[in-house]
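Novice: My structure is below; once you've seen it, I'll send some questions.
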Amino acid sequence: MRQNTLAVFVIAVGMMSLVPTAMADDVVEVRKFDSEPEIVWEAWTDVELISQWWGPTGFTAPKVEVNVEIGSATLVCMQGPGSPLMCNTWTYSVVEPGRELAFDSRFTAEDETPMTATDAGLPPGIPDVVPHRVTFEPDPDGGTIMTVTETGYLSAEAAALSKQGLLQVLDKMQALVP
C-alpha cells in the first residue's frame, strides 16, 4: 500500500506543473507585502531574517544554516518553550532570486540525519518530505505577492495542521518584512 501511495505521490508531483489548481490536501497561502520581491526573497535566504520568523508563535529558531543553491540544503531548527529542537532541511530544486524557490522540506536531527515524520513526533498524514514552492511576484500596485504552496499531505487533517503553522510563521515574517 505504501509503495502505491508513493508512486501516486511521485506521479502527482511530476505532473504539478501541468495541473493549474491545487489538490485537496495541498496547503496554499498568498500574502501581499509592501516590500519589493528582492526584499521578501531575503526573508527566505538570509540567516538573520530566517532566525527571526521561523517557527510558530512562541517558538524560536536557535539554529539556522543557509545554503541556497540547487541541490544544497538550508537547516532550520525551531524550539518551543521547554521542548527539544525540531529541525528540517530545505533541499533546493529551483533557485531564481527574487522570483521563485522550490525545495523539499525533510525532518531531520540537528546533525541533518533524516528522520521520518513519525520519529519526529508528528501526527499521521504528514509525509516525511514536504515539497514547497514559494513564488514572489511584483504587485502592479507596488510591493510583492508571495505564494507558498506545500504538497504531499496524506490527509486533510495533516494539511490543516500545517496550514496553522504556516499562517503563524508568515505572520511573523510579515511583521519583520512588511
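Novice: Among the helices of the chain (complete DSSP H runs), which have Cα atoms covering no less than 18 Å along the helix axis and a Kyte-Doolittle mean of at least 1.0?
Specialist: On the way: long enough: 2-15 (20 Å, 1.19); 156-176 (30 Å, 0.36).
Long hydrophobic helices here: 2-15.
Novice: Would you please put 79-91, 100-112 in order of how densely packed they are, using the mean number of other Cβ atoms within 10 angstrom per residue and starting with the highest?
Specialist: 100-112, 79-91
Novice: May I ask you to order 156-163, 126-133 by the average number of other C-beta atoms within 10 Å around their residues, highest value first? Before the final figure, lay out the partial values.
Specialist: Values: 156-163: 16.5, 126-133: 19.1.
Highest-to-lowest ranking by the protection proxy: 126-133, 156-163.
Novice: Could you check the simple spin-label distance between residue 176 and residue 60, using points 7 Å along Cα→Cβ, in nm with one decimal?
Specialist: Modelled inter-label distance: 1.4 nm.
Novice: Quick one: grab Rg to one decimal and Dmax as a whole number for segment 50-91, Cα atoms only, in Å.
Specialist: Rg, Dmax (Cα atoms, Å): 10.7, 35.
Novice: Work out how far the C-alpha atoms of segment 57-178 reach from end to end along every principal axis, then list the three figures in whole Å, largest first.
Specialist: Largest first, segment 57-178 extends 45, 30, 29 Å along its Cα principal axes.
Novice: Give me the net charge of residue 129's neighbourhood, meaning all other residues with Cβ under 12 Å from the Cβ of residue 129; Lys, Arg count +1, Asp, Glu -1.
Specialist: On the way: positive: 106; negative: 104, 128, 150.
Taking every Cβ under 12 Å from that of residue 129, the sum is -2.
Novice: Starting from the Cα of residue 156, step 7 Å along the direction of its Cβ; do the same at residue 110; then give the gap between the two resulting points in nm.
Specialist: Modelled inter-label distance: 4.0 nm.
Novice: To continue, here is another question. Quick one: net charge around residue 66, please, counting Lys, Arg +1 and Asp, Glu -1 for every other residue with C-beta under 12 Å from its C-beta.
Specialist: Within the 12 Å Cβ shell, the charges total -4.
Novice: Between residue 69 and residue 34, what length in nm is gained on full extension when 0.36 nm per residue of separation is reduced by their alpha carbon distance?
Specialist: Details: separation 35, 0.36 × 35 = 12.60 nm, distance 2.66 nm.
Full extension from residue 69 to residue 34 adds 9.9 nm.
Novice: So, one more: List, largest first, the extents of the alpha carbons of segment 85-151 along their principal axes, each in whole Å.
Specialist: Result, largest extent first: 45, 23, 20 Å.
Novice: Okay, next question. Once the convex hull of the alpha carbons of segment 30-113 is built, what does its volume come to per residue, in cubic angstrom?
Specialist: Working: hull volume 8.3 nm³, N = 84.
So the per-residue Cα hull volume is 99 Å³.
Novice: Which value, in debye to the nearest 20, describes the size of the charge dipole of the chain about its Cα centre when Lys and Arg Cβ atoms bear +1, Asp and Glu Cβ atoms bear -1, and nothing else is charged? Can you show the working numbers first?
Specialist: Numbers: 9 positive and 25 negative charges, 103 e Å.
That gives a dipole near 500 debye.
The numbers here are math on the coordinates, done by the rules we state, and not lab data. Everything numeric here is computed off the predicted structure, so don't read it as measured data. Please note: Cβ atoms are built from the backbone with ideal geometry, for glycine as well, and neighbour counts cover all protein chains shown.
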